[in-house]
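This report refers to the structure that appears directly beneath it.
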Amino acid sequence: MSGAFLDTSIEYLKGVGPKRGELLKAEAGIRTFGDLLNYFPFRYVDRSVFHQISGIHSDMTHVQLKGKLFHIEETGAGKGKRLSAVLNDGSGELELVWFQGIKWIKPSLKSGEEYVVFGRPTLFKGRYNMAHPELEPLKGPRQVKAQMQPVYHSGEKLSNRGLNSKGFEKLQKALVPQIKGHIPEVFSNELMESLKLLRREDAYINIHMPQSAELLRRAQLTLKFEELFFIQLMLLTQKIAVTKKIKGFQFGTIGRYFNTFYSDHLPFALTNAQKRVIKEIRHDVGTGAHMNRLLQGDVGSGKTIVALLTMLMALDNGYQACLMAPTEILANQHYDGLRELLKDMPIQVKLLTGSSKTAERKVIHEELEDGSLHILIGTHALLEDKVQFKNLGMVVIDEQHRFGVEQRAKLWRKNSYPPHVLVMTATPIPRTLAMTLYGDLDVSVIDELPPGRKSVKTIHRNDSARLKVFGFMEEQIALGRQVYVVYPLIEESEKMDYKDLMDGYESISRKFPLPQYKVSIVHGRMKSEAKDYEMQQFVEGKSHIMVATTVIEVGVNVPNASVMVIESAEKFGLSQLHQLRGRVGRGADQSYCILMTGDKMTSDARLRMETMVKTNDGFEIAEVDLKLRGPGDIMGTQQSGILDLKIADLVKDGPLLQLARKVAMELLDKDPDLEHSSHHRMRHHLDRLRQRKVNWSRIS
Ligand code: ADP
Ligand code: MG
């Protein structure tokens, strides 16, 4: 939005002035008229409905009541002064209380008279009361209230200066009637018509002062669509620009490495989803543009083989490749796995982690620089400045959400040309979130598990059923299987959690004694050699039970393990539970995941357990997770300013977001630079938005 009017400093609005102006800037980021106009209500209350006092319940944030006042009394003195009255509407009684402004309010209260009361009921000592309600005599000159009353966010400092929700409403009422003629359109007439958008002016009027429920609905739709659309337009134009500007290595040929491996050494037939993804990657790296691709695939969907084939494409064209994993255990596993797969091929693979010896490192550094080392696998150690490649052409990053943006950028700088980047994640990102977060990336999805995989049976058990669970573990071990028992480890309660873990280990060791059984344990306080030893015992099938904290969460592959017992499962988030469950079900046997919880659970925790029991589909789980936690908490996405949406909601407005993306894509297909005269408005608006500093850098 632009124009002198909307740029007017907020202090000049009637009812603001310098002091409140400062406060609005500091507390709500509102500097101008335009900012206030874009300070949207987060909710509306229907003022056409009167509730009954007897029907008040804890889910009601605001209620409108109608009744007679009694027992008006002032008590206390000084700061403890308080005015109260009892409202009776025939269905029940509710206490109204005031702590401030008593002087003004008291004279307007008359015992036995009828009033309309509006406010937030709060439960206090088992009874509802209402502090600082709005109140007016029923018989008086009752102002006609808009049916839908907006509710605005506020804060303590703002409220103390009269800028509570009601205060914001007043400011909007001072501003909104003046905006006529100052709100330029941003969409083409054609789009406004086809999408049935309101004129922006009308949208702003109705968002703050709804004239009807229907106009409010259309105003919300209009402004949400605008917000989502321009984010998509920004991401998509950026993607077009990057594709044009940044050249990537062109892998023109698929040669002997890829083909030989594919025809002679592939240990299984690829799933259709794997084939499709490899084609997508093959296409990317063949174009000469830089690839920046996100590969999503549920645990066990077979991302590793895709990573390998992708790296072979680089090798075929004379480039090196690297694979970076978030933990040493995982890096080791990738190293062993890839060495096994490549054992009959003339390809040099090495491992670099924090525990690599100095002498080893030296050799690796040399071989990387002279080009004799083809594939380097490792952890963050790969990011060290000393690690220089002769010609790094492909970077694969496993389990993306554990790496920060800067770390990824570091990999880029290892070359004059940025290597192609494939980021793999087993945490499915809900479509809506991916579209916004990674709207400038290409996304591939492996949405099919390898054949013959039996889906994991998930069971929720109460702690009191532990003996039965032990019995079940015994049966499975007798069948030759192995079992994980995982304990939560949460920073705040670390001490207690360790105690639980050790107690658990002890009771399991007692139940499964040597020499018949061997129980391993792995946790963060152990030395890494000890950890590796225990881990190795389990991997080699020498121990039957692995008791652990979540260190095993990511990637560990022991196909013979068929039972995952998760203790205090209510303490885990959904994506973590799903990751943990992914550790089993990797072999041919039926696998089980047992969620142990106590009786007492929050409703969110209960929903998490139910979701886990109900489905194995990572995307479905991710959707529930998004709903429960909101976009900000998922995988550290809060670092991205892109999720600070003003009016749209990624959870609720998924379909609208998809529409916005589709419309933006169609538009750019027809007119990539928005040169057509009917598109100029959109281009101007986009330019204005771009000027605001937003950190658009993603994976790159
Ligand atoms: P993730 O996507 O979790 O990294 P992995 O790449 O570790 O999955 O694969 C899980 C298991 O499935 C491995 O043991 C792997 O060898 C096997 N696998 C992968 N693709 C196939 C396939 N197409 N057919 C059969 N087994 C496969
Ligand atoms: Mg993996």
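The values are calculated or read from the model by the stated rules, or taken from the named source; none is laboratory data. These numbers were taken from a predicted model, which means no experiment stands behind them. Note: ideal-geometry Cβ built from the backbone for every residue, glycine included; neighbour counts use all protein chains shown. Each accessible area value is taken on the protein alone, full model and side chains, heavy atoms only, with ligands, DNA and RNA left out. Shrake-Rupley method; radii C 1.70, N 1.55, O 1.52, S 1.80 Å.
Tabulated results
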{"quantity": "Antiparallel DSSP beta bridges within the chain, percent to nearest 5", "calculated": "35 percent"}
{"quantity": "The chain: angle of helix 494-511 to the longest principal axis, Cα-based, in degrees nearest 10", "calculated": "50 degrees"}
{"quantity": "Net charge contributed by nearby residues that have their C-beta within less than 9 Å of Arg683 (K/R +1, D/E -1)", "calculated": "-2"}
{"quantity": "Cα long-axis angle, helix 603-614 against the chain (0 to 90 degrees, to the nearest 10)", "calculated": "40 degrees"}
{"quantity": "Reduced Cα scattering model of the range 271-355, Debye log10 I(q)/I(0), q = 0.18 Å⁻¹", "calculated": "-0.90"}
{"quantity": "Folded to 0 to 90 degrees: helix 213-245 orientation relative to the chain principal axis, Cα", "calculated": "30 degrees"}
{"quantity": "Inter-label distance for Thr260 and Asp336, nm, one decimal - labels placed 7 Å from Cα along Cα-to-Cβ", "calculated": "2.6 nm"}
{"quantity": "Accessible carbon and sulfur surface of the chain relative to its total accessible area, %, 1.4 Å", "calculated": "51 percent"}
{"quantity": "Charged-residue dipole, Cβ positions (Lys, Arg, Asp, Glu), the range 187-334 about Cα centre, Debye nearest 20", "calculated": "280 debye"}
{"quantity": "Loop trypsin sites (Lys or Arg not before Pro), the range 316-377, which have at most 15 other Cβ atoms in a 10 Å radius of their Cβ (DSSP)", "calculated": "Lys343, Lys357"}
{"quantity": "Theoretical ellipticity at 222 nm over the chain - DSSP helices of four or more residues, -39500 (n - 2.57) apiece, nearest 500", "calculated": "-12000 deg cm²/dmol"}
{"quantity": "Local electrostatic count, Asn189, Cβ distance below 12 Å [Lys/Arg +1, Asp/Glu -1]", "calculated": "-1"}
{"quantity": "Sequence-distant residues sharing a close amide H with Leu323 (under 5 Å, placed H)", "calculated": "Leu376, Ile377, Gly378, Val396"}
{"quantity": "Neighbourhood net charge (13 Å Cβ-Cβ; Lys/Arg +1, Asp/Glu -1) for Arg199", "calculated": "0"}
{"quantity": "Computed magnitude of the charge dipole of the chain (debye, nearest 20; Cβ of K, R +1, Cβ of D, E -1)", "calculated": "1500 debye"}
{"quantity": "Over the range 254-375, relative contact order from alpha-carbon pairs under 8 Å, at least 6 apart, %", "calculated": "29 percent"}
{"quantity": "Relative contact order of the chain, pairs being alpha-carbon contacts under 8 Å that are 6 or more residues apart, as %", "calculated": "12 percent"}
{"quantity": "Radius of gyration and Dmax over the Cα atoms of the chain, both given in Å", "calculated": "31.0, 96"}
{"quantity": "Accessible surface of Glu113 - all protein chains present, 1.4 Å probe, nearest 10 Å²", "calculated": "90 Å²"}
{"quantity": "Distance between the range 302-377 and the range 1-43 - C-alpha centres, whole angstrom", "calculated": "56 Å"}
{"quantity": "Rounded to the nearest 10 Å², the accessible area of Tyr152 at probe 1.4 Å", "calculated": "10 Å²"}
{"quantity": "Solvent-accessible heavy-atom area per residue, rounded to whole Å², over the range 90-141 at 1.4 Å", "calculated": "62 Å²"}
